[in-house]
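Coordinate-derived values only; no laboratory data. If you're wondering where the values come from, they're calculated on a predicted model, not measured in any experiment. When we count neighbours, we look across all protein chains shown, and the Cβ atoms used for this are built from the backbone with ideal geometry, even at glycine.
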Amino acid sequence: MLQDLFTPSVQHALDLAGIFVFAISGALLAVRKNFDVFGIAVLAEVTALGGGLFRDLVIGAVPPAAFTDLGYFLTPLVAAALVFFLHPQVERIQTGVNVFDAAGLGLFGVTGTTKAYEYGLGLTASAALGLATAVGGGVLRDMIANEVPSLVRWDRDLYAVPAMVGACMAALFIQYDMLNVLTSAIAVVTTFAIRLLALRFHWRAPRAWNRRSTAVEIDE
Amino acid sequence: MLQDLFTPSVQHALDLAGIFVFAISGALLAVRKNFDVFGIAVLAEVTALGGGLFRDLVIGAVPPAAFTDLGYFLTPLVAAALVFFLHPQVERIQTGVNVFDAAGLGLFGVTGTTKAYEYGLGLTASAALGLATAVGGGVLRDMIANEVPSLVRWDRDLYAVPAMVGACMAALFIQYDMLNVLTSAIAVVTTFAIRLLALRFHWRAPRAWNRRSTAVEIDE
Amino acid sequence: MLQDLFTPSVQHALDLAGIFVFAISGALLAVRKNFDVFGIAVLAEVTALGGGLFRDLVIGAVPPAAFTDLGYFLTPLVAAALVFFLHPQVERIQTGVNVFDAAGLGLFGVTGTTKAYEYGLGLTASAALGLATAVGGGVLRDMIANEVPSLVRWDRDLYAVPAMVGACMAALFIQYDMLNVLTSAIAVVTTFAIRLLALRFHWRAPRAWNRRSTAVEIDE
C-alpha cells in the first residue's frame, strides 16, 4: 500500500517548508490580534500543525508526526520568534499573512493528499483530506483568534478553490502514476498562483442570497 | 463484540438520512450568516460529519466512515447545492434550521449510541458518546460560525434533553436486548417530538443565576 | 517502555482531582456567561476532559479514559451540580475560576507529560503534550464560550509559563529517573504557585508590538 512517492528527505523538507510558512501566517495574525508572545507561539503551532494533526488522527497515524518529529514542533517556534522580533510594520502584515498562507495552502494540499493516499484512502477521500489538511490549520487559527474563518467568508477572496485544484491535481497525478517531485511542484505552484491571482483581482465566490449564474461552481 | 443490530443497509440509510438533514441545517445557517458557496459547503460538511467523526476518533474506528464512504462525503454537498439553489425566503430559514436539526439530533443520538456500544464502550459511555455524536456537529457548526453554540444558551429551547432521552432509550433497548428497527425508530421519533415540542412551547432549562425549583434537572 | 510511575490508584486520584477542579472552572465560566444548566454541564465536561481527550487521541489511547472510566464522566457532573446550587456571589466568580484553573493546570501538566512518556513519546514531545493537556480544556472552554482564549491574550496574567514549568519539571524528573509522588507534587505545586503569583502581581508576557527586553522569553 505504501509507495515511495518521494524520497523521505524531500517529503520531510516539503513538510517543514509548509509548516514554516503556515506558522508565519499564524504568528502574524497573532500580532495583528495583539496577542502576547505565548499567544504568538500558540497560534504559530496551531496554524502550522493543526491541519496535519487532523489528517494524522483521521488516517490513524498516531502519534502524529507533529509529536514524533522534533523539527515539526520547533519550526513554528522559530517562525514565531522571527515574527516576534522582525515583523514588518503594521500596514504590511495582512499582505504577509496572505502570501505565506497561499504557499502553505499549496504545500499542505499536495502533501496531505499524498499521505492520505499512502495510508489507503481512496482518491476522492485523499483529495478531500488533502484539502482539509491545507485549510484546517487556518480554520483553527481563525477560531482561536475568535474570528469567522476566512475560508467561509463571502467578502474574502477565493481560498478553498486553489487548495481544491492543487489537491485534485495531486490525486490525478497519483491516479495516472505521474506523481513525482516535478508534478508535485506544479500542483503546489498552481495553488499558490491561483490564490495570489484571487487576492490580486479579488476573485470571490457567490453567495446563495444573490443567486448568480456562477452558482454552478458548487457542483465541482 | 460486534452485533448485527441493524442490517448494514438500514444502518447506512439511517446514517445518510441523518447526514443529509444535519447538512441542510448547516447550509441554512451558512446562508443566514451570509457565507459564500464554499462556506455553505464547509458548514454543511462539518455539521453533518463532525459528530460522527468525533465518535469514530474516540472509538478508534479509523479512518472514520466520513472518509471511507463516498456517500457520506457527497451527501452534504448535495444538501449544500439544494440550499444554495432552493433555500426558502429569509424569514423561514430559522424554522428550517430547527426542524432539520431536530431530525438529525434524533438519528445521530441513536446511531451514535449503537455504534459506540458495538465498539465495546459501556452503556453509559455509549449514551454519552451518542449524545456527543448528536450535538457535536451543531456545536462545531456554531463555533465556526463564530456564535455561542445553541446547545449552551439559556435563551434557546431545550436541545440537549431530547438527544439525551433518545440516546438513553437506545442504551436501555440495548441493555434489554430490544434494539431493532422499530425501537430505534421510536427513540428517534421521541427525540424529534420532544425537540419540536420544546421549540413550539419554548421549553427552556434553568440558569444557575435565578435558582428555580426546576433546577433538579441537572441530576438526571 | 511502560513504567509504573505511580500506583494506579494514585494516578487515578490525581486525574480525578484535576478533572474536578477544571470542571469547577468551566462551570463557573458558564454561570458567568449566563448559560443554562446543560450549558454548565457541557462546559464542565469539556473543560475537564478536553485536554486529556486530545492527549489520548494523539498518543492513540483509544477509547480515551474519558469514555472508559465512568468516574471521569461523572466527576464533572458533580462539579456542575455543586456550582449550579452553591455558586458564590457574582463578584467572587472570576477569582474562583482562576484559582481552580491554576490547580488543574498543575495537575494536568504533570499527569499529561507522564502519560505521554508512558506511551512512548520523547521527552520534549511529552512535555509539549503535557502542556497541551493542561491548557487544552481551557482553550476549548473559551472557544465554546465564544471568547478569545485567556491563553493567548496579552492582557491576561501569565498562564502558559506556569504549565510549561510544571511539564518541563516532570520531563526532567523522568529523565533523571526521579519521578515519584513527592516530585510530582512539587511540580504541581510549583505550577500552581507561579500561576497564583502571576495572578496576584499581574505578571504578563510582552507583545511583539512593543518590543521589550523581556522578549527573549520566546526562546525557552
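For C:PHE201 paired with A:VAL78, estimate the spin-label separation in nm (one decimal), with each label point 7 Å from Cα along the Cα-to-Cβ line.
Those two pseudo-labels are separated by 3.5 nm.
Kindly point out which whole DSSP H helices in chain A project their C-alpha atoms 30 angstrom or further along the helix axis while averaging a Kyte-Doolittle hydropathy of -1.0 or above.
Counting only whole DSSP H runs, the qualifying helices are A:8-32, A:37-59, A:93-118, A:123-144.
At R0 = 30 Å, how high is the FRET efficiency between A:ALA193 and A:ASP155 if r is their beta carbon distance? Nearest 0.05 is fine.
0.85
Can you give the charge dipole size of segment A:8-206 about its Cα centre, rounded to the nearest 20 debye, using +1 on the beta carbon of Lys and Arg and -1 on the beta carbon of Asp and Glu?
Its charge dipole is roughly 400 debye.
Just going by the charge dipole of the protein assembly as shown, with Lys and Arg at +1 and Asp and Glu at -1 on Cβ, which of B:ALA187, A:GLY130, B:VAL21 is farthest out on the positive end?
B:VAL21
For the protein assembly as shown, just say rounded, prolate or oblate: build the C-alpha gyration tensor, square-root its eigenvalues into a ≥ b ≥ c, call rounded for a/c under 1.5, and beyond that prolate if a/b exceeds b/c, oblate if not.
Rounded, since a/c falls under 1.5.
How big is the gap, in Å, between the Cα center of segment B:37-82 and the Cα center of segment A:152-207?
Centre-to-centre (Cα) distance: 22 Å.
Name the shape class, rounded, prolate or oblate, that the alpha-carbon gyration tensor gives for segment A:8-206, where a ≥ b ≥ c are the square roots of its eigenvalues, rounded holds for a/c under 1.5, and otherwise prolate holds if a/b is larger than b/c and oblate otherwise.
Judged from the Cα gyration tensor, segment A:8-206 comes out oblate (a/c at least 1.5, b/c at or above a/b).
Can you compute the FRET efficiency between C:ASN180 and A:LEU172 using 1/(1 + (r/R0)^6), with r the Cβ-Cβ distance and R0 = 60 Å? Round to the nearest 0.05.
Details: r = 57 Å, r/R0 = 0.95.
Plugging the Cβ-Cβ distance into 1/(1 + (r/R0)^6) gives 0.60.
Which one of C:ALA41, C:VAL139, C:VAL161 is farthest out on the positive end of the charge dipole of segment C:35-176, using unit charges on Cβ (Lys, Arg +1; Asp, Glu -1) and the Cα centre as origin?
Toward the positive end, the furthest listed residue is C:VAL161.
Among B:THR111, B:THR47, B:THR68, whose mean-square fluctuation peaks in a Gaussian network model of chain B (Cα, cutoff 10 Å)?
Between B:THR111, B:THR47, B:THR68, it is B:THR68 that shows the largest mean-square fluctuation.
Could you name the lysines in cross-link range of C:LYS33, using Cα to Cα under 24 Å and dropping any fewer than eight places away on the same chain?
A:LYS33, B:LYS33
Averaged over its residues, how many other protein chain Cβ atoms are within 10 Å of peptide C:66-78's Cβ atoms? Walk me through the numbers on the way to the answer.
On the way: counts 4, 12, 4, 2, 4, 0, 1, 5, 2, 0, 0, 3, 1.
Taking the mean over all residues of the peptide, I get 3.
Quick one: label points 7 angstrom along Cα→Cβ at A:TYR176, distances to the other copies in nm, smallest first?
6.2, 6.2
Quick query: amide H of A:TRP154 versus all other amide H atoms, modeled in the peptide plane; which residues come in under 5 Å with a sequence gap of 5 or more or a different chain?
B:ASP36
Divide by every residue of chain B the summed helix terms, -39500 (n - 2.57) for each DSSP H run of at least 4, and state the resulting mean residue ellipticity at 222 nm, rounded to the nearest 500 deg cm²/dmol.
Rounded to the nearest 500, it is -24000 deg cm²/dmol.
Between C:LEU82, C:LEU43, C:LEU131, find the one with the highest GNM mean-square fluctuation for chain C; connect C-alpha pairs within less than 10 Å.
Most flexible of the set in this elastic network: C:LEU82.
If you take each beta carbon of peptide B:25-32 and count the beta carbons of other chains within 10 angstrom, what is the mean?
What the average comes to for B:25-32 is 1.
Whats the longest run of chain A with zero chymotrypsin sites (Phe, Trp or Tyr not before Pro) that are DSSP loop and have at most 15 other Cβ atoms within 10 Å?
Segment A:1-175 is the longest.
Put a label point 7 Å from Cα along the Cβ direction on B:ARG200, then list its distances to the equivalent points in the other copies in nm, shortest first.
The projected label point of B:ARG200 is separated from its counterparts by 6.0, 6.0 nm.
Placing +1 at every Lys and Arg Cβ and -1 at every Asp and Glu Cβ, with all other atoms neutral, what dipole size does the protein assembly as shown have around its Cα centre, in debye to the nearest 20?
Value, rounded to 20: 1920 debye.
Count, for each residue of A:53-62, the Cβ atoms from other chains sitting within 10 Å of its Cβ, then give me the mean as a whole number.
Numbers: counts 3, 2, 1, 2, 9, 8, 4, 8, 2, 10.
Across A:53-62, the average partner-chain Cβ count within 10 Å equals 5.
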